[in-house]
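Student: The structure is given below, and queries will be raised subsequently.
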Amino acid sequence: MPTRALSKFQYGKETTRGTAVAAAKILAGAQIKGVPLDRKLAFIPDALGVKARSTRAEIYELLVEDTLSIPAAYFQILPMLFLCGLKGGVTATETTPAQSDYAWDFTPSLTAVNAPDTITLEMGDDVQAYEAEFTMFRRLKVSGELAQDGGDSPVSIEADYFARQITPTTFTGALSLPTMTTMNAKLGRLYKDALWANKGTTELTSLLRAFEFEIITGMHPKFLGSANKYFDTYGEGFIDAMLTLTLEGAAAADTIYDEYQAGTAKAYSLKINGPTIGTGVAHKLQLDIWGRPEMVEPLSAESEGNNLHQVLIHGEYDTTGAAICDVDVITNSNSI
């Protein structure tokens, strides 16, 4: 029976990019959607002297492109997303001995390869499962809006991915349900500092209403002449970052407007904290960007009589800090 309740995503980290592996974890919280297409038939006009356009069709290439949407994200899923999008081969380090509070540093190199990891993604229901190997992420977006009525304030994640092909398969069985520590946008905090070396030091309090932090990873498939119709390998292009903010229209927001007019670049940090792990440190996602305001719109909206500023920080290369963006995660998992 094609039961919606039995639909799911699972994934496993590939040892060799493009060689499918069994799933190791359930990807919880992702929106169930249609299985993406991996091929397009080209119907070729043949001009055969009959009132029919073609008598043949060809599948030239295979490619999967889709978006994973996690409306209420959790800390334990973060390492997989950034390992397969921003920087691979990262080893987590325990912050406090024997407390499983593992720190992940996803600082991407801007001058060398970042060699991201890949996963085999399984999706489907109780009738049929499908797998997509060589899955990597082109774009990662972390968003949140603080409810003003005591309601829900989830942190959502969108992850645009590409993969080689869709193959009918059987779900990897007997996987444990994942541990999920929910991220809360209300616990998001904004920082601004003049130097990259001091990023995440000076908090802008009583200001943040909503945020979107978007990273274009530069990862892309490369199709080269070979025996296969799917892509052969991947490439690494420019890394871009953007931070969109909705701010209370207070004096600190107006200072950002002054910096917009002056074209002043700063280090902006968004920290989202969670509960403490054992007796160690707390779950954390820290997103850093060096950039200058591309747009600041005072009085862009109002909320219950309070004026709001809309701000767009455009990431750029900091020649002193040699960086454009950085991601740090602490959670109670040291594997993906």
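Student: Counting pairwise Cα distances across segment 108-191, what percent come out greater than 17 angstrom?
Tutor: I get 68 percent for the Cα pairs in segment 108-191 exceeding 17 Å.
Student: Short version: what are the Cα gyration tensor semi-axes of segment 172-248, square root of 5 times each eigenvalue, largest first, in whole Å?
Tutor: Semi-axes (√(5λ), whole Å): 37, 23, 12.
Student: Could you sort Phe238, Phe162, Phe171 by their accessible area in this structure, using a 1.4 Å probe and putting the largest first?
Tutor: Phe238, Phe171, Phe162
Student: Taking just the C-alpha trace of segment 48-92, give me its Rg and Dmax in Å.
Tutor: Rg and Dmax of segment 48-92, Cα atoms, are 21.8, 66 Å.
Student: Carbon and sulfur: what percent of the chain's accessible surface (1.4 Å probe)?
Tutor: Carbon and sulfur together cover 51 percent of it.
Student: If the chain between Leu6 and Thr320 were fully stretched, how many nm would it gain, using 0.36 nm times the residue separation less the Cα-Cα distance?
Tutor: 107.9 nm
Student: In addition: For segment 92-133, just run the numbers: alpha carbon Rg, then divide by 2.2 N^0.38 Å, N being how many residues it has.
Tutor: Rg over 2.2 N^0.38 Å, computed on Cα atoms: 1.90.
Student: At q = 0.20 Å⁻¹, what is the log10 ratio I(q)/I(0) for segment 211-317, with the Debye formula run over Cα points and no solvent?
Tutor: After summing over all Cα pairs, the log10 values are -1.01.
Student: In whole angstrom, how far apart do the alpha carbon centroids of segment 106-159 and segment 41-68 sit?
Tutor: 32 Å
Student: Quick one: angle between helix 251-262 and the longest Cα principal axis of the chain, in degrees between 0 and 90, rounded to 10, please.
Tutor: 70 degrees
Student: Another question, then. Before anything else, pin down the relative contact order of segment 72-196: Cα pairs under 8 Å, at least 6 apart, normalised by residue count, whole percent.
Tutor: Computed over segment 72-196, the figure is 26 percent.
Student: Related question: Using 29 Å as the Cα-Cα cut-off, could you pick out the over-long pairs in Lys141/Lys266; Lys141/Lys186; Lys33/Lys192?
Tutor: Lys33/Lys192
Student: What order, most packed first, do the peptides 117-125, 34-42 have when packing is the mean number of other Cβ atoms within 10 Å of each residue?
Tutor: The densest-packed peptide leads the list: 117-125, 34-42.
Student: For segment 41-155, what mean projected area does the convex hull of the alpha carbons give, in nm²?
Tutor: About 15.5 nm², averaged over all directions.
Student: What's the Cα-based Rg to Rh of the chain, Rh via Kirkwood?
Tutor: 1.03
Student: About its Cα centre, what dipole magnitude does segment 19-164 give when the only charges are +1 on Lys and Arg Cβ and -1 on Asp and Glu Cβ, stated in debye to the nearest 20?
Tutor: Result for segment 19-164 is approximately 680 debye, rounded to the nearest 20.
Student: Still on this structure, I have one more. Leaving ligands and nucleic acids out of the surface, order Val329, Val90 by accessible area at 1.4 Å, largest first.
Tutor: Descending accessible area places them as Val90, Val329.
Student: Also, I was wondering about something else. Need the list of aspartates and glutamates near Lys222 for cross-linking: C-alpha distance under 14 angstrom, and skip anything on the same chain fewer than eight residues off.
Tutor: In chain and number order, the partners are Glu61, Glu65, Asp232, Glu236.
Student: With a 1.4 Å probe and all protein chains kept in place, how do Arg292, Arg164 rank by accessible area, largest first?
Tutor: Ranking Arg292, Arg164 by accessible area, largest first, yields Arg292, Arg164.
Student: Suppose a student asked you for the relative contact order of the chain, using Cα pairs under 8 Å spaced at least 6 residues apart; what percent would you report?
Tutor: 19 percent
Student: Still on this structure, please answer the following. Under 20 Å from the 7 Å Cα→Cβ point of Gln99, by amide nitrogen: which residues of segment 280-318?
Tutor: Answer for this model: 280-286.
Student: State the volume of the convex hull built on the alpha-carbon positions of segment 88-234, expressed per residue in Å³ and rounded to an integer.
Tutor: 202 Å³
Student: In the P(r) worked out for segment 1-109, what percent of Cα pairs fall beyond 21 Å?
Tutor: 60 percent
The values are calculated or read from the model by the stated rules, or taken from the named source; none is laboratory data. What you are looking at is a predicted structure, and each value in this text was computed from that prediction instead of being measured. Here Cβ is always computed from backbone atoms with ideal geometry, including for glycine, and neighbour counts include all displayed protein chains. The area values use the complete protein model at the heavy-atom level, side chains included, leaving out ligands, DNA and RNA. Shrake-Rupley method; radii C 1.70, N 1.55, O 1.52, S 1.80 Å.
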